[in-house]
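Worksheet: one structure, shown below.
None of the figures in this text is laboratory data; all of them are computed from the coordinates on show. Remember, predicted model here, so these are calculated numbers, not experimental data. Cβ placement follows ideal geometry from the backbone for every residue including glycine, while neighbour counts extend to all protein chains displayed.
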Amino acid sequence: MVEWTDFERDTIKDIFSRIKYDVVGPAAFARCLVVYPWTQRYFGGFGNLDNAAAIKGNPMVSKHGTTIIQGLDRAVKNMDDIENTYTELSVLHSEKLHVDPDNFKLLADCLTIVVAAQLGKEFTGEVQAAFQKFLAVVVSALGRQYH
Amino acid sequence: MLSNKEKMLIAEIWESLTPVAEEIGADALLRMFACFPGSKTYFSHLDISRGSPHLLSHGKKIVLALAEGSKDISQLTVTLAPLQIMHAYQLRIDPINFKLLSHCLLVALSCHMRDDFTAVAHAAMDKYLSAFAAVLAEKYR
């Protein structure tokens, strides 16, 4: 089981209470598709992903970005049992969606950078470390049901 | 692969950050030390606490090298030759750390530039930092 310090718990809850899910989710997901274009392979049905502007304005991208961050919210609300919280999602990503779990880390990095832009100077090194630890636990849980 | 547009954007960004090279460099290093404590092992001989002269001067060196390299990206192997030798034979920093610092540099840029650090700028910068790191490690073996 993952041990969280008080600082880490408070930091994660604070970050997620401050960011706007319908802004950060879509921004992070769009950024992932732009910065790591090979991730587009999983979204053939999403329409126009031809360039950064198209990706940013794509309504399916926005919708999916919001879905993703709402999924993260479940981890925020269950920090002491993220592994079990994500069992079904992990099976889904492995057996139905066939997503290479390395991609989860790419999205996590993009989310970190988007949150950094939102919080500016308040996103200190210590806050970043707590946020990255949280995302690492999420990424690990999502990859757990791959066999 | 960097397009000409991306190369110009990268050079522009580093040029604009040169006046705050110390601040950005030190910030990136501090982030790396906080997030990836193994990276601290290379600095046991220096004072790397927040605000220390060692940290500031080291951060500045790194950012100025990145800025210099960005002026002519096609010549990275020439520009970085002395640094290649230093890293391969003297410093011998495990190249995984270049990735860690690159990530922390992107975060530092994002905190500093906020909305100006667009997805396009991020993509270009990530590619540049990867290329820089690859050249830096070229003489390792």
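Summary table below
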read-out: Residue-count net charge about A:D14 - beta-carbon cut-off 13 Å; Lys, Arg +1, Asp, Glu -1; value: -2
read-out: Choice from A:L92, A:L135, A:L33 showing the highest fluctuation, given a GNM over chain A with Cα pairs closer than 10 Å; value: A:L92
read-out: GNM top mover of B:L83, B:L55, B:L129 - chain B, alpha-carbon springs below 10 Å; value: B:L83
read-out: Mean Kyte hydropathy of 0.5 or more with a Cα span along the axis of at least 15 Å, helices from DSSP in chain B; value: B:21-35, B:96-113, B:119-136
read-out: Farthest positive-ward along the protein assembly as shown dipole, Cα basis, beta-carbon charges - from A:G120, B:W14, A:T87; value: B:W14
read-out: Gaussian network model of chain B, Cα within-10 Å springs - most flexible of B:A26, B:A108, B:A121; value: B:A121
read-out: Chain A: relative contact order in percent, alpha carbon pairs under 8 Å with at least 6 residues between; value: 33 percent
read-out: Value in Å of the Kirkwood radius, where the stretch A:17-87 supplies the Cα pairs that are averaged; value: 12.9 Å
read-out: Taking B:M125, A:M60 and counting other C-beta atoms within 10 Å, the order from fewest to most; value: A:M60, B:M125
read-out: Trypsin sites (Lys or Arg not before Pro) within the stretch B:8-63: DSSP coil, no more than 15 neighbouring Cβ in 10 Å; value: B:R50
read-out: Total formal charge among the other residues, if their Cβ is under 10 angstrom from that of A:G65, Lys/Arg +1 and Asp/Glu -1; value: +1
read-out: Residue mean of other protein chain beta carbons inside 10 Å, B:126-132; value: 1
read-out: Cβ-based charge dipole, the protein assembly as shown, positive-most Cα from A:A136, A:A108, B:M1; value: B:M1
read-out: Neighbour cut-off at most 16 other Cβ (10 Å), DSSP loop, chymotrypsin sites (Phe, Trp or Tyr not before Pro), the stretch B:50-141; value: B:Y140
read-out: 222 nm mean residue ellipticity, helices alone, for chain B (DSSP H n ≥ 4; -39,500 (n - 2.57); rounded to 500); value: -20500 deg cm²/dmol
read-out: Local electrostatic count at B:V78 - Lys and Arg +1, Asp and Glu -1, tallied over other residues with Cβ under 13 Å; value: -2
read-out: Given A:K20/A:K121; A:K105/B:K127; A:K105/B:K7; A:K77/B:K99, the pairs whose alpha carbons are separated by over 20 Å; value: A:K105/B:K7; A:K77/B:K99
read-out: Computed over chain B: relative contact order in percent, which uses C-alpha pairs under 8 Å that are six or more apart; value: 35 percent
